[in-house]
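Reading through the structure tokens given below for one structure.
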Amino acid sequence: HPVSASGLTRRLDHLLLHPVFGGLIFLAFVTFFFQAIFSWAGPAMDAFAGVLDDAADWTLATFPASWATSLLADGIIRGVGAVVVFVPQIALLFALILFFEASGYMARAAFVVDRIMGWVGLEGRCFVALLSSYACAVPGVMATRTIPSPKDRLATILVTPFATCSARLPVYALLISAFVPATPVIGPITMQGLTLMGLYLLGAVSAILFAAIFKRGMLRGASLPFYMELPPYRFPSLSSLAIQVWRRVRIFLVKAGRVILVGSIVLWFL
């Protein structure tokens, strides 16, 4: 437990790091996290989809009917729409992760999850790397450099692909929107948000399960004590968050967008 000059920090840590209430708050945080991805991003996604559909319909109605017009409207414009429509969810995913990381809560969450990670032979620091993998597995693997134990580091690297990275989010969102009704469950929590959380938890459970197998097999060995400096609570800089979110969204648009756009054009030809 950190020694801090701030009485507010001590009071918050007394609650957030509590053996019982800390876990409940973390569970509520995870539930809010995935519900927000659906509830808050939904209007922006609908707006983007509507604008691009209107642009495609205008193209078909304005230009002469030909294969070039159809390619432009159905292959390129709607192909771009297949990428852009998921930008709000991707942006919100990164914004929430970066916000809670910069605010100081992510380090506390690592301590809370350390009890669960200890059951499989890992430490709480591995949680930070696994959580980064939910954005992308590459920075998740890079984040394992902070894990001092070589065997824990290798076990974490081997299970990071089980984390549901942002590239899978559009697929999950599409399937959930098509097959799961937006039925309210508890207050603002809907069945769609709980389904998305369940899919993410399935990846987390799979990662923990295989980490336990690795740690009891070829990577067997005593884990080092877990220690981490807890940063003070602070309100993140919104301009800095916006820049970091934009950089990650741009990577998604450039790398995933090119593949989806080419795939849409190929499908149009087929």
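Across segment 42-123, Cα pairs under 8 Å and at least six residues apart give a relative contact order of 29 percent.
Placing +1 on the Cβ of every Lys and Arg and -1 on the Cβ of every Asp and Glu, with nothing else charged, gives the chain a dipole about its Cα centre of roughly 1000 debye. Based on DSSP H segments of at least four residues, each scored -39500 (n - 2.57), the chain has a per-residue ellipticity at 222 nm of -21500 deg cm²/dmol.
Comparing LEU72, ILE213, LEU131 along the charge dipole axis of the chain, the residue lying farthest to the positive side is ILE213, per the Cβ-charge model. Quantify, in whole percent, the carbon and sulfur part of the accessible surface of the chain (1.4 Å probe; protein heavy atoms only). C and S fraction of accessible area: 74 percent.
For the peptides 177-186, 14-23, 245-254, the ranking by mean Cβ contacts within 10 Å, running from highest to lowest, is 245-254, 14-23, 177-186. Average accessible surface for the chain: 54 Å² per residue, computed with a 1.4 Å probe over protein heavy atoms with every protein chain in place. Taking the C-alpha atoms only, the angle from helix 21-39 to the longest principal axis of the chain is near 10 degrees.
Residues whose amide H comes within less than 5 Å of that of THR190, counting only those at least five positions distant or on another chain, are VAL185 (H built at 1.01 Å from N in the peptide plane). For the chain, the longest principal axis of the Cα atoms and the long axis of helix 105-119 meet at an angle of about 70 degrees.
The values are calculated or read from the model by the stated rules, or taken from the named source; none is laboratory data. As the structure is a computational prediction, the values presented were derived from the model and not from experiment. Cβ coordinates were reconstructed from backbone atoms using ideal geometry, including for glycine residues, and neighbour counts include every protein chain displayed. For the accessible areas, the whole protein counts, side chains as well, though only heavy atoms, and no ligand, DNA or RNA atoms are used. Shrake-Rupley method; radii C 1.70, N 1.55, O 1.52, S 1.80 Å.
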